[in-house]
């Protein structure tokens, strides 16, 4: 089998060599390329690959359709909306993701972002650098707040457990069924989306992007939220209407927001509506990224290949 890596995984050459050596010993080949957005170059690199390894770079149906030998894609990422899954299914290409590698990283980043926004660290740090004080920049505690978590899968559940440690009341919404035992074990109250939005002081998103979640939070949903509530999106960009969020921040409807994901991958254009909004901390899609996460996702991705070769595919998309 020919294995082709289409972008850097952010790990050392030594680590990559250790992960690929078992495949080379088994008679497979491995080739690594640097990232490109040129579809013709991508086709040239991948057209005779049996297995493609890819991070978060887009892989369109057009490119996939021209890779006639392709049998398996190992996505070194949790999200997979950047890959044309419909074309993969049409073509009989199996796909796995690196589910689980970023659970701790995103959960920790969520709590850090909440505290940073609510306690106004960005503004007070600037004040400190310019000879000012904290005057008029005092923010609320996370402790004691009602937090609404949209998406109670692995990452959402990890966030909920941390919120419990901060003494929060946690409401959870997920379209997937959770048993009362599961809900109690994680530590939240299972509620409807409408009730969560109305009751929460803080709303945080950790759901996947699909047809049911695209545009999940827009003008109508934000209007249901409490005045001076906070919104955090560490899920996928298109789950939230950026223009509606910016309007809510600029009008004072919401007290603040923290965003790590957008309709496009950073770098963002300077005129992006969220970069112009008030009381927001914007991050360039970093919540998933830690030193440990980079290694864990690579390990999972190559383990996915081994399992697929053995006829025991895991982390199926």
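Assorted remarks:
Residue by residue, here is whether (1) outside any strand (DSSP E or B); (2) farther than 26 Å from residue 162 by Cα; (3) at pLDDT below 95; (4) not assigned by TED's automatic domain parsing to the domain that holds residue 151 holds:
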| position | (1), (2), (3), (4) |
| --- | --- |
| 176 | yes, no, yes, no |
| 184 | yes, no, no, no |
| 214 | yes, yes, no, no |
| 256 | no, no, no, no |
| 265 | yes, yes, yes, no |
| 270 | yes, yes, no, no |
| 275 | yes, yes, no, no |
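- Filter result for residue 247 (at pLDDT 95 or above and in a loop (DSSP other than H, G, I, E, B)): no
- Within the option set 9, 24, being in contact with a helix residue (DSSP H, G or I) (Cβ under 8 Å, 6 or more places away or on another chain) and at pLDDT 95 or above holds for one residue only, 9.
- Flag for residue 83 being more than 21 Å from residue 288 (Cα to Cα) and either in the same structural domain as residue 8 (by TED's automatic domain parsing) or modelled with pLDDT under 95 (or both): no
- Taking region 187-199 as the range and being buried (at least 19 other Cβ atoms within 10 Å of the Cβ), in contact with a helix residue (DSSP H, G or I) (Cβ under 6 Å, 6 or more places away or on another chain) and assigned to a helix (DSSP H, G or I) as the test, only 197 passes.
- Enumeration of residues in region 86-122 that are touching a strand residue (DSSP E or B) at 6+ places or on another chain (Cβ under 7 Å) and either modelled with pLDDT under 95 or in a helix (DSSP H, G or I) (or both): 88, 110, 113, 114, 116, 117, 118, 122
- Filter result for residue 274 (in contact with a strand residue (DSSP E or B) (Cβ under 7 Å, 6 or more places away or on another chain), in contact (Cβ under 8 Å) with a residue 24 or more places away in the chain, surrounded by fewer than 21 Cβ atoms within 10 Å (Cβ to Cβ) and on the phi < 0 side of the Ramachandran plot): yes
- Residues in region 37-70 that are in a loop (DSSP other than H, G, I, E, B), touching a residue at least 24 places away in the same chain (Cβ under 8 Å) and under 26 Å from the mean Cα position of the chain (by Cα): 5 in all.
- Looking across region 200-221, the residues that are buried (at least 18 other Cβ atoms within 10 Å of the Cβ) and either more than 22 Å from residue 146 (Cα to Cα) or touching a strand residue (DSSP E or B) at 6+ places or on another chain (Cβ under 7 Å) (or both) come down to 200, 201, 202, 203, 204, 205, 206, 207, 209, 213, 217.
- Residue in region 145-156 that is surrounded by fewer than 17 Cβ atoms within 10 Å (Cβ to Cβ), assigned by TED's automatic domain parsing to the domain that holds residue 112, touching a helix residue (DSSP H, G or I) at 6+ places or on another chain (Cβ under 8 Å) and part of a loop (DSSP other than H, G, I, E, B) present: no
- Residue among 111, 85 that is touching a residue at least 12 places away in the same chain (Cβ under 8 Å) and out of contact with any helix residue (DSSP H, G or I) (no Cβ under 7 Å at 6 or more places or on another chain): 85
- In region 128-152, the residues that are at positive phi form Cβ pairs under 7 Å with partners that are at pLDDT 95 or above and in a strand (DSSP E or B), at six or more places apart or across chains, as follows: 151/205.
- Residue check, residue 209 assigned to a strand (DSSP E or B), in the same structural domain as residue 253 (by TED's automatic domain parsing) and either at pLDDT below 95 or within 25 Å of residue 280 (Cβ to Cβ) (or both): no
- Residue 294 meets the conditions (1) under 17 Å from the mean Cα position of the chain (by Cα); (2) in a loop (DSSP other than H, G, I, E, B) in every case but one. The failed one is (2).
- Failed criterion for residue 170 (all others in (1) outside any strand (DSSP E or B); (2) closer than 19 Å to residue 204 by Cα; (3) modelled with pLDDT of 95 or more hold): (1)
- Close pairs (6 angstrom Cβ cut-off, 6 or more residues apart or separate chains): farther than 22 Å from residue 209 by Cα in region 168-184, at pLDDT 95 or above and crowded, with 17+ Cβ neighbours inside 10 Å anywhere: 168/145; 168/147; 169/146; 170/147; 170/160; 170/163; 170/188; 183/190
The values are calculated or read from the model by the stated rules, or taken from the named source; none is laboratory data. Since the structure is predicted, the reported quantities are computational estimates derived from the model, not experimental observations. Ideal geometry is used to build each Cβ from the backbone, glycine not excepted, and the neighbour counts take in all protein chains shown.
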